[in-house]
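Everything on this sheet refers to the single structure shown next.
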Amino acid sequence: MTSIDDVQTAAVGVSRRRRAISTGRRGDKIFRGAALGSGVFVLVIMGAIAAFLVWKAIPALQANQGSFLTDTEWRANSDPPRFGIAQLAFGTVMSAFLALLMATPVAIGIALFISFYAPRKLADGLGFIVDLLAAVPSIIYGLWGLHFLVMNSDGVVSFLNTYLGWIPLFAGENVGGQSLFIGSVVLAIMILPIISSISREVFLQVPTPHIEAAQALGATRWETIRLSVLPYGRSGVISAMMLGLGRALGETVAIALVLSTVAGINWHILEPGGNTFAANIVRTFGESGEIGRSALIASGLVLFVITMIVNMAARAIVSRRKEFTE
Amino acid sequence: MSVLTAKTGQAIPETSLGRKLKDRTVLIAVYVAFALAVIPLVSVLYKVISEGVQVISADFLTRSMNGIGGRDAGGGVYHSIVGTLEQVALASAMSIPIAVLTAVYLVEYGQGKRLAKTISFFVDVMTGIPSIVAGLFVLAFWILVLGFEVSGFAGALALGVLMIPTVVRSAEEMLKLVPNELREASYALGVPRWRTVMKVVLPTAFTGIVTGIMLAVARVMGETAPLLLTIWVTKVINFNAFQGAQSSLPTYIWEQASDPNQVAVARAWGAALTLIFIIMVLNIGARLLARRTSIR
């Protein structure tokens, strides 16, 4: 409102004294410059992240005596340094996919529950509860995973081992404890709210005529969802899954606390062990020398590239859907 | 359909048992899914509160860990609270102006321009950067290349990188909601564009932007991984964020939780309760503010 006053007083000023008033062009230029500069600065940060990671990763890659892609051991601080990302890549991809597998059905269920099943008055509050899950920091999930879930999950783990042991993933001798499976459960809980809140938004956008048409044909509630809601929301749900996957791939402290360090690739996910890119970085950073740090930066660069590809794919799906619906 | 049935005189066929059964099954599955999500939330909150309450005391909140070993009882989180507040404040001071101005560019100046589309795309990509990568970036850039020592400020830089995209997104959404009529009214009165943005657009979107900022602050407050690489660990109180190692609540929890001693784990729960309390206050405050948002 002050702006109107300003203009009025300015106008009065002009008529009385014919004093030249500011056209605001200079202010406009400065302000526009600041806004543009900030926008460009964001691009510069992204470029700088890639550039500095590559720059600082090169020394270790040159000094590496092993094969960076296929070695399963991480001995970046021994002389000569030998390290490879095979175990880290395995643990990262495995835990993220398991988490996605567990979280997606539950997340879609929650989204459907809040948008179609829950009483209207409750829906907002329930959405808030799910959002609270997202607000809990990852370190607290890690603490809970290590000092509560690991201790109280032996029953479930031995059940899976006994009855589903014929599936190679659930086989193994000394099951239980700080395993990749428990790590994946913690990750699944963490990505649940992301997938469900995006799915919910997509479900809410389903045009009412689609839903009413299904209902008019006598469809039950489930048939309405299957015929009108799920087809419409499919691409949105897929991109939500990929965003969740991106988060699971990059998650650090929770999984670093829950897993125990055992070298080598182990397909028996119920046995203790497992490692991921991010977990390896925070665990070995403390005792790393110059080459060790550089090697960790190299592994971080790989993680950066993987998550970027996953995220870009997710965005591409979303934007294609936008073009399709508008 | 009803017309047809009226002609033939048949009753409308009831929904078959199979379809009813399917509908019921899905209904139950959806309820179970919701319960499955609530269980871990309740379990986490219960565990943090019940374990944390036993530890938290005036002593715990006002003392550092100076001279206290892993096995000793006592000690507190004061040095970590100081660190967290300073780091988050610095990160906010650096990233909020940049983020809000970027949002202003995207909405007010960049409409339809290729540069704006590029920026918007990379803001999206930036949202997905793992926090550990932001930490590695600051490590490579600030500490290894420029040669600065670890400090609370280095941690704030990493947190700032993580804050920018979230604030840009939420501010952008809020600015888009400002009705165009307001801008046009202002232009019609001869008000220059920048004053229109400063005096009309931003004030209208103010509560919404603040809500977004509070949520972003709450999010970075719990970030651990980038801080582990940039602020190091210390047991003593360090008020100077620009020099020397500093503690923070998340790294304190990491440190104490990794220690197998029971007293250390208990301290971790205490710090977790402190952290979650601050974050929940910010979150609930943001939601309450969002309800009062002037734009509908």
Original post:
Shielding of A:273-283 by partners, i.e. mean partner chain Cβ atoms within 10 Å per residue?
Top reply: 3
Original post:
Let a ≥ b ≥ c be the square roots of the eigenvalues of the Cα gyration tensor of the protein assembly as shown; is it rounded (a/c under 1.5), or, if not, prolate (a/b larger than b/c) or oblate?
Top reply: oblate
Original post:
Taking chain B as a Gaussian network, where each spring joins two C-alpha atoms under 10 Å apart, which residue of B:I284, B:I39, B:I119 fluctuates the most?
Top reply: B:I39
Original post:
Tell me, how many Å apart are the Cα centres for the range A:212-236 and for the range A:129-143?
Top reply: 33
**OP:** Would you kindly derive the ³J(HN,Hα) couplings of the range B:266-281 from the backbone phi angles with the Karplus curve 6.51 cos²θ - 1.76 cosθ + 1.60 (θ = phi - 60°), listing them in order in whole Hz, with x for Gly and Pro?
**Re:** 4, 4, 4, 5, x, 5, 4, 5, 4, 5, 5, 4, 4, 5, 5, 4
**OP:** Per DSSP H run of at least 4 residues, take -39500 (n - 2.57); add these up for chain B, divide by its residues and hand me the 222 nm value, nearest 500 deg cm²/dmol.
**Re:** -23000 deg cm²/dmol
Subject >> Sum of -39500 (n - 2.57) over DSSP H runs of 4+, divided by residues of chain A (222 nm, nearest 500) >> reply: -23000 deg cm²/dmol
**OP:** Please count, across the protein assembly as shown, the pairs of lysine residues with Cα atoms under 21 Å apart that sit 8 or more places apart or on different chains.
**Re:** 8
**OP:** Starting at the first residue of the range A:225-240, write each ³J(HN,Hα) from the Karplus equation 6.51 cos²θ - 1.76 cosθ + 1.60 with θ = phi - 60°, in whole Hz, x for Gly and Pro.
**Re:** 5, 5, 7, 10, 7, 5, x, 5, x, 4, 5, x, 5, 4, 5, 4
Original post:
Could the peptides A:264-273, B:142-151, B:53-62 be put in order, highest first, of the mean number of other beta-carbon atoms found within 10 Å of their residues?
Top reply: A:264-273, B:142-151, B:53-62
**OP:** Using Cα pairs closer than 8 Å and at least 6 residues apart in sequence, work out the relative contact order for chain A, in percent.
**Re:** 25
Original post:
Of A:R32, A:R221, A:R82, which is the most mobile in a GNM of chain A whose springs link Cα atoms less than 10 angstrom apart?
Top reply: A:R32
Original post:
In degrees between 0 and 90, to the nearest 10, how far off the longest principal axis of chain B does helix B:152-177 point, with axes built from Cα atoms?
Top reply: 20
**OP:** In debye, nearest 20, what is the charge dipole magnitude of the protein assembly as shown about its Cα centre with +1 on Lys and Arg Cβ and -1 on Asp and Glu Cβ, if you could check?
**Re:** 2540
Subject >> Taking N as its residue count, the alpha carbon Rg of chain A over 2.2 N^0.38 Å >> reply: 1.34
**OP:** Note down the magnitude of the dipole of chain A about its Cα centre, charges +1 on Lys and Arg C-beta and -1 on Asp and Glu C-beta and zero elsewhere, to the nearest 20 debye.
**Re:** 1800
Subject >> Net charge of neighbours whose Cβ lies under 11 Å from the Cβ of B:A268, counting Lys and Arg as +1 and Asp and Glu as -1 >> reply: -2
Subject >> Most positive-pole-ward Cα, B:I213, B:V178, B:G147, against dipole of the range B:123-216 from beta carbon charges >> reply: B:V178
Original post:
Can you give the average number of partner chain beta-carbon atoms within 10 Å of each beta-carbon in peptide A:303-311, as a whole number?
Top reply: 4
Original post:
Sequence-distant or interchain residues sharing an amide H contact under 5 Å with A:R75, placed H: which?
Top reply: A:R82, A:F83, A:G84
**OP:** Please report how far the C-alpha centroid of the range A:176-204 lies from that of the range B:127-159, rounded to the nearest whole angstrom.
**Re:** 28
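On average, how many beta carbons from a partner chain sit within 10 Å of the beta carbon of a residue in A:105-111?
5
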**OP:** May I ask you to evaluate 6.51 cos²θ - 1.76 cosθ + 1.60, the Karplus curve with θ = phi - 60°, for each residue of the range A:52-62 and list the ³J(HN,Hα) values in order in whole Hz, giving x for glycine and proline?
**Re:** 5, 5, 4, 4, 7, 7, 4, x, 5, 5, 6
**OP:** Quick one: angle between helix A:290-325 and the longest Cα principal axis of chain A, in degrees between 0 and 90, rounded to 10, please.
**Re:** 60
Subject >> Label-reachable residues, the range B:78-117, where backbone N falls under 13 Å from a point 7 Å from A:D28's Cα toward its Cβ >> reply: B:109
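Values in this text are rule-based calculations from the coordinates and carry no lab data. Remember, it's a predicted structure, so these values are computed and weren't measured experimentally. Neighbour counts are summed over all protein chains in view; Cβ atoms, including those assigned to glycine, are modelled from backbone coordinates with ideal geometry.
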